[in-house]
Structure formats: C-alpha cells, structure tokens
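The values are calculated or read from the model by the stated rules, or taken from the named source; none is laboratory data. Just so it is clear, the model here is predicted, and its values are computed rather than measured. Ideal geometry is used to build each Cβ from the backbone, glycine not excepted, and the neighbour counts take in all protein chains shown.
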Amino acid sequence: MSVQRVLSVSSVRLAVSCAAVLMNITPPAEGRQGTGVGSFRDLTGVFATPNLNCVIPVSYSRDMPLETLSPSRASDFKQCPQLFKFRSIDRIPEPVTIYQARGTTAHLALQDLYDFSPEQRTPEALFDLFRKAWTDLRATDEYADLFATDEEERSWGIESLELLANYFAIENPVEVAPLEREMDMLEDLGGITIRGILDRIDELPDGDLVITDYKTGKAPPERFALSAFFALKIYALLIRHKTGRSPVEVRLLYLNGPTLYRLPISEGHLNGMEQQLRALWAAIDRAIDTGSFPPRPGPLCDWCSFQDRCPAFAVEADQPLASSA
Ligand code: SF4
C-alpha cells in the first residue's frame, strides 16, 4: 500500500499569496473590519448555535471491560498504552492549546462552508465562518482564558486565516459534493463497537466513495505518512459496515503545507484493518484486565501533555545527576 502525495507547497505564505491572486482575497490590512485574512476583530454579535459535538464519550474504566472504542483512542493505544490510560481510563483533563483551538475552529468553519451553494464557497465566506465559530467557542469556559491579551488572540486569528486560505490551494470547494459531514458513527463490527466522527465523505461522479480528514497540524514526511492513515482506514471500515459500500480512497488534507495525501483502499486492506482492530481491542481488554499500560516513549512525547506524570520520564528524573568534576 503506498501513499500518494498529491500536492505540497513549501510556503504557507506562497499559498496565501497565490490564493489571494486567484481567489481575490482581500489583502491583509491592519485593523480592518469585515472579511479578509488581515481582519480578525469581529468577535461580537449574535451568531449561530455552536456545534461542540466533537467530543466522543468513552465508556470504559478500570472496573469495566471495553465497551466502545474511537479511532483516536485506538491510535493512542497503538502509539503508547500509557497515553491511552491517561486519556481514557484516568480521564485526566488536558489543557486546551492554541493549536487544538485552531483545529476545532477550522473544522467547524470547513464543515459549515458546505452549507452554502457552490458559488458562495469563497475564501471570504470561509474566513467569516471561522470568525463566527471562534466567537462561539471563546464564549465557553473551555476556551475563555486561552489568550492572555487581545493582541495574542489577534495574531493567532490571522495565522489561522492564513492557514485556512491554503484550503483553496488544495481543492476547489465549488467542485466538491459532500455526501456527509461530521458524520457521527457507531457501528458494532461483530462484537466490537467503534464510535467516531468522520469529517467528510464524498461521492464522486462515478459513484465511488472517498473519505477526507482535515488536518491543521504539520504534514508528516511522505515516508512516514502511511501510519497517519490509521484512523481513516477505521472510518472506511465503518462506512463499509454501515452502507455496504467500500470507500475507494482516503485522503488527509493538511492545511499546513499545504499537502494532500491520498491512499487507495481495497477490500483486502479493509479486511486487514478489521483484523488489526480486533487484535487491538483484545490487547486493550487485556491491559484493562491486568492494569498494565506500559509507556512507549518516542518522538511524540514532546507533544504529550502527560510527560510530567509519565513513568517513563519519572525514571529519568530519578537517575542520580552526574557529578561535575
Ligand atoms: S510522555 Fe511519551 S511515553 Fe509518556 S505517556 Fe506521553 S507519549 Fe507515552
């Protein structure tokens, strides 16, 4: 199975300026109000009800066997069983970061863009949807204190809009016809129950189904991209189970880059994924049973919010310091 990198633009700035020329984006202007990348101060007013349906409840604990599993939590266990334990068993809250806030807000904006008719799906419309979604989110307790100053928030907002402008360098929303967006899925795959929210599924003119996942983080290098498709392959499996139709391709759309990775999917891949998922489910069940969730340190530890309580790092901290002669 090989991943195809379809598009990669090395500079976000380049993508913004190209999109600005091609799509007639209003150029950044300090203090402007209204549309355009440079304006990010429209944070008041009456807006639509926020869609905060992004948190998937988990239903397992030390005393209960595994009942449902989401693709994200399955990825956690695969990456590091200890991380899975912190998140899913101990349920230790993680601080919201500006990157998560950007991801959540961008997802809401991209989802809502497809409420519009094709000709209305412009960069300005997407930027306005982002502002609106953020205005709703920042009114919630979770996000209220994310920024110390208005200036920090404004810089974050402008960077976010620059990132969103990249979307138009990856695909033309006029030509996209989503079948479903933010699809809440709960499927029993013969004894294992998987739950997750799928960003988007499209039906191409020839009837083929394609799944797309939006990413606001940095795209991995091509040689490491295959593992990033783990969750999407699970979603493809859920779609096959739910509809009887197998998606032919899964796509990771990285706004930061921008980069589009495409992975063709076959029945064989989906069968293999189902076996892998069953094995993972059994491993999680055993771990819950025995209470054994070994840490698996790796490059992603740098971004793990549990490092200060992780046994892998506690061992290092307990080592006697080398004396300086
Ligand atoms: S710091 Fe690393 S080893 Fe520890 S829980 Fe996080 S990902 Fe796992």
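Scanning region 117-172 for residues that are assigned to a loop (DSSP other than H, G, I, E, B) and acidic (D, E) gives D145, E171.
Conditions (1) under 30 Å from Y99 (Cβ atoms); (2) more than 14 Å from the ligand (Cβ to nearest atom); (3) at pLDDT below 95; (4) among the aliphatic types (A, V, I, L, M), marked per residue:
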site: L252; (1), (2), (3), (4): yes, yes, no, yes
site: N256; (1), (2), (3), (4): yes, yes, yes, no
site: L270; (1), (2), (3), (4): no, yes, no, yes
site: G298; (1), (2), (3), (4): yes, no, yes, no
site: W303; (1), (2), (3), (4): yes, no, yes, no
site: F306; (1), (2), (3), (4): yes, no, no, no
site: C310; (1), (2), (3), (4): yes, no, no, no
site: A317; (1), (2), (3), (4): yes, no, yes, yes
site: P320; (1), (2), (3), (4): no, yes, yes, no
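Any residue in region 185-200 that is exposed (fewer than 15 other Cβ atoms within 10 Å of the Cβ), of a type in the set (D, E, K, R), in a strand (DSSP E or B) and free of Cβ contacts under 8 Å to residues at least 60 places away in the same chain? There is at least one residue in region 185-200 that is exposed (fewer than 15 other Cβ atoms within 10 Å of the Cβ), of a type in the set (D, E, K, R), in a strand (DSSP E or B) and free of Cβ contacts under 8 Å to residues at least 60 places away in the same chain. So in region 201-234, with the set limited to residues that are surrounded by fewer than 20 Cβ atoms within 10 Å (Cβ to Cβ) and assigned to a loop (DSSP other than H, G, I, E, B), which one is modelled with the highest pLDDT? This residue is D208. Does L238 satisfy being surrounded by 19 or more Cβ atoms within 10 Å (Cβ to Cβ), touching a helix residue (DSSP H, G or I) at 6+ places or on another chain (Cβ under 9 Å) and part of a helix (DSSP H, G or I)? So L238 fits the description; yes. Between residues in region 285-310 that are touching a residue at least 12 places away in the same chain (Cβ under 8 Å) and among the small types (G, A, S) and residues that are more than 6 Å from the ligand (Cβ to nearest atom) and not in a helix (DSSP H, G or I), which pairs lie under 8 Å by C-beta distance while being six or more apart or on different chains? Every condition considered, the pairs that remain are A287/F293; G291/R62; S305/E94; S305/P95.
The numbered conditions (1) touching a Pro at 6+ places or on another chain (Cβ under 7 Å); (2) under 15 Å from L253 (Cβ atoms) are all true for E171 except (1). Pairing residues of region 168-179 that are over 16 Å from A125 (Cα atoms) with residues that are assigned to a loop (DSSP other than H, G, I, E, B), at Cβ distances under 7 Å and at least 6 apart in sequence or on separate chains, gives I170/P258; P178/Y114. Only one entry of R138, R154, R200 meets the criterion of being under 16 Å from K242 (Cβ atoms) and of a type in the set (K, R), and that entry is R200. State yes or no: is D145 under 22 Å from N256 (Cα atoms) and more than 19 Å from the chain's Cα centre (by Cα)? Considered against the rule, which asks whether it is under 22 Å from N256 (Cα atoms) and more than 19 Å from the chain's Cα centre (by Cα), D145 comes out as no. Note down all Cβ pairs under 6 Å where the first residue falls in region 219-231 and is more than 9 Å from S75 (Cβ to Cβ), the second is surrounded by fewer than 17 Cβ atoms within 10 Å (Cβ to Cβ), and they're at least six residues apart or on different chains. Pairs found: E222/R5.
Residues of region 68-107 that are away from the ligand (no atom under 14 Å from the Cβ), farther than 25 Å from L238 by Cα, in a helix (DSSP H, G or I) and hydrophobic (A, V, I, L, M, F, W, C): I98, A101.
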